[in-house]
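The values are calculated or read from the model by the stated rules, or taken from the named source; none is laboratory data. Predicted, not measured: the structure shown is a model, and the values here were computed from it. Ideal geometry is used to build each Cβ from the backbone, glycine not excepted, and the neighbour counts take in all protein chains shown. Note: accessible area is taken over every heavy atom of the protein model, side chains too, but ligands, DNA and RNA are not part of it. Shrake-Rupley method; radii C 1.70, N 1.55, O 1.52, S 1.80 Å.
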Protein chains: 2
Amino acid sequence: MKGYLWTGGEPGSQKTVAPPENGRLAPWESISVEAVGNVIEFWGFKRNQGRVWALLYLRGEPLTAGEIERELELSKGGVSMLLRDLERWGAVQRVRVPQDTVWRYSAETDLVRMVTHVVEEREAAFVTRIRADLAEARRLAVGVGGLPAERLRRLERMATLAEHVERALRLFIRTSRLDVAGVLGAFRDGALSR
Amino acid sequence: MKGYLWTGGEPGSQKTVAPPENGRLAPWESISVEAVGNVIEFWGFKRNQGRVWALLYLRGEPLTAGEIERELELSKGGVSMLLRDLERWGAVQRVRVPQDTVWRYSAETDLVRMVTHVVEEREAAFVTRIRADLAEARRLAVGVGGLPAERLRRLERMATLAEHVERALRLFIRTSRLDVAGVLGAFRDGALSR
DNA sequence: CATATAGTTCAAGACCGCGTGAACTGCACC
DNA sequence: GGTGCAGTTCACGCGGTCTTGAACTATATG
C-alpha cells in the first residue's frame with residue numbers, strides 16, 4: 001500500500017493519483033485504469049495489479065504481455081509477475097489463440113466471483129486468526145482471575161465482535177450477502193454482548 | 001500497511017505478528033493489543049495506533065502518555081503523534097483529572113461510532129473520488145463515439161458499481177446498516193446494470 | 001543447429017512510510 | 001528567573017515493498 005494515511009492534509013485533498021501521461025491510452029481509458037489502480041491499492045494489493053486487470057477488462061479482448069507492457073509502461077519482468085498473481089487469484093485468464101504462439105490474457109468479468117474469492121483467501125483467513133488470538137487472550141484472562149469485571153467485559157466484547165465478524169464473512173462467502181448491521185447492532189455503546 | 005500480500009507463501013502461514021516481549025503487559029493483554037494492532041494495520045492505519053487504542057480500551061481508566069510509552073515500548077515523540085491522530089479521529093479522548101497536571105487519555109468505547117466515523121472520513125471520501133473519476137471517464141468515452149458497444153458496456157458497469165458502492169456506504173453512515181448484497185447482486189456474471 | 005522472440009526469475013536499487021531521539025515550547029512550582 | 005517535567009515537532013535512518021533490468025529458460029522457425 002502506498003499513500004493514504006491521512007495523518008494531516010486538508011479535507012478534499014484525497015490522494016488517488018492522477019493519470020500520468022502514459023503511452024497511447026485514450027484519456028477515458030487512462031482515467032479508468034488509474035481509478036481501478038487506486039481502488040486496488042486501497043484494498044491492499046499492488047496498484048499495478050489493478051491497472052493491468054482494468055486494462056484487460058476494458059479492452060474486452062485478450063492482450064499479450066507485450067501490449068500490456070507498452071500500454072501501461074511497465075517492465076517486462078513486472079508484467080510477467082503481475083499477470084501471474086492475477087492468474088493465481090482467478091482475476092485473469094491465460095488463453096491461447098488458435099494459430100498463434102503467444103499467450104494472451106483476458107480479464108475475469110464476474111466481479112462477484114472475484115470479490116468473493118479475495119475475501120475468502122485473504123480476509124477470512126486473517127479474521128480467523130484474529131478471532132483465535134482474542135479467544136486465547138480471553139482464556140488466559142479468565143485463568144488469572146481477580147481482574148476487575150469491567151476489564152474482562154471489555155475484552156469479551158472485543159472477542160465477541162471478532163466472532164461475529166468471522167461468522168458474517170463466512171456467510172458472505174457462501175451467499176454473497178453481507179449483513180454488517182447484525183454484527184454491529186449488538187455493540188452500540190453500552191450494549192452488552194448477548 | 002505492511003505484510004499481507006500473499007504473493008506466495010504456504011496456506012496457513014498467515015502473517016499477523018506474534019506478541020513481542022513487551023514490558024510489563026500481562027500475556028492476555030499483550031495478545032489482545034497485538035491482535036488489534038494487526039487488524040488496524042490491515043485496515044490501512046498504523047499498527048501502533050491500534051495498539052495504543054487497544055491498551056487504553058482494555059485498561060478502562062485513562063492513562064498518561066508516559067504510561068503508554070512504557071507499556072508499549074514506544075518513544076515519547078511517537079506516542080504524542082499517535083495520540084494526536086487517535087484524538088482527531090475521535091477514537092481517544094484527552095481528559096484532565098481534577099487536581100492533576102498531566103493529560104490522560106481514554107478510549108472511545110462506542111465501536112459503532114468509531115467505525116462509522118472512519119468509514120465516513122476515509123472510505124466514503126475515497127469512493128466518491130473514484131466514482132467521480134469513472135463518471136468522467138464514461139462522459140469522455142461516450143463523447144469520442146464509435147466505440148465498440150461491448151467496451152462501453154464494461155466501462156458503464158464499473159461506473160455503476162462505484163455508484164452503488166457509494167450509495168451503500170452513505171446509507172451505512174446514516175443507519176449503521178450495510179447491505180452489500182444489493183450492490184453486488186446486480187453484477188453477477190452477465191447481468192447488466194439497471 | 002542457429003537465431004529470434006516469449007516468458008520467467010531474481011538480485012540490486014529506488015522509493016517511501018514509520019518510529020526514533022534530540023531540540024524545542026509551554027507550564028507549574030519554588 | 002530557574003529548574004524540571006509534559007508535550008510537540010521534525011530531520012534522519014531503518015526497514016520494508018515494488019520495479020527494474022539483466023541473465024536465463026523455453027519454444028518456434030528457417
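Note that segment B:112-185 carries a Kirkwood radius of 13.4 Å, evaluated over its alpha carbons pair by pair.
Considering only alpha-carbon pairs that sit under 8 angstrom and 6 or more positions apart, the relative contact order computed for segment B:30-132 is 22 percent. With a cut-off of 16 Å, note down the residues of segment A:159-184 whose backbone N falls inside the zone around a label point 7 Å from the Cα of B:TRP43 toward its beta carbon. From segment A:159-184, the list is A:159-166, A:180-181, A:183-184. When all protein chains stay in place and ligands, DNA and RNA are ignored, the 1.4 Å accessible-area order of A:MET114, B:MET81, largest first, is B:MET81, A:MET114.
Largest first, the residues B:GLU34, B:GLU73 sort by 1.4 Å accessible area into B:GLU73, B:GLU34. How large is log10 of I(q)/I(0) for segment A:27-108 at q = 0.19, 0.26 Å⁻¹ when the intensity is taken from the Debye formula with one equal scatterer per alpha-carbon? For segment A:27-108 at q = 0.19, 0.26 Å⁻¹, log10 I(q)/I(0) is -0.76, -1.40.
Using a cut-off of 12 Å between beta-carbons, work out the net charge of the residues near A:VAL102 (Lys and Arg +1, Asp and Glu -1, A:VAL102 not included).
Values: positive: A:ARG94, A:ARG96, A:ARG104; negative: A:GLU67, A:ASP100.
Surrounding charge for A:VAL102 is +1.
Take the Cα coordinates of segment A:40-194, assign each an equal point scatterer, and use the Debye formula without solvent to give log10 I(q)/I(0) at q = 0.10, 0.13 Å⁻¹. Computed log10 I(q)/I(0) values: -0.54, -0.73.
Under 15 Å of direct C-alpha separation, and excluding same-chain neighbours fewer than eight residues apart, A:LYS46 reaches these aspartates and glutamates: A:GLU34, A:ASP85, A:GLU87.
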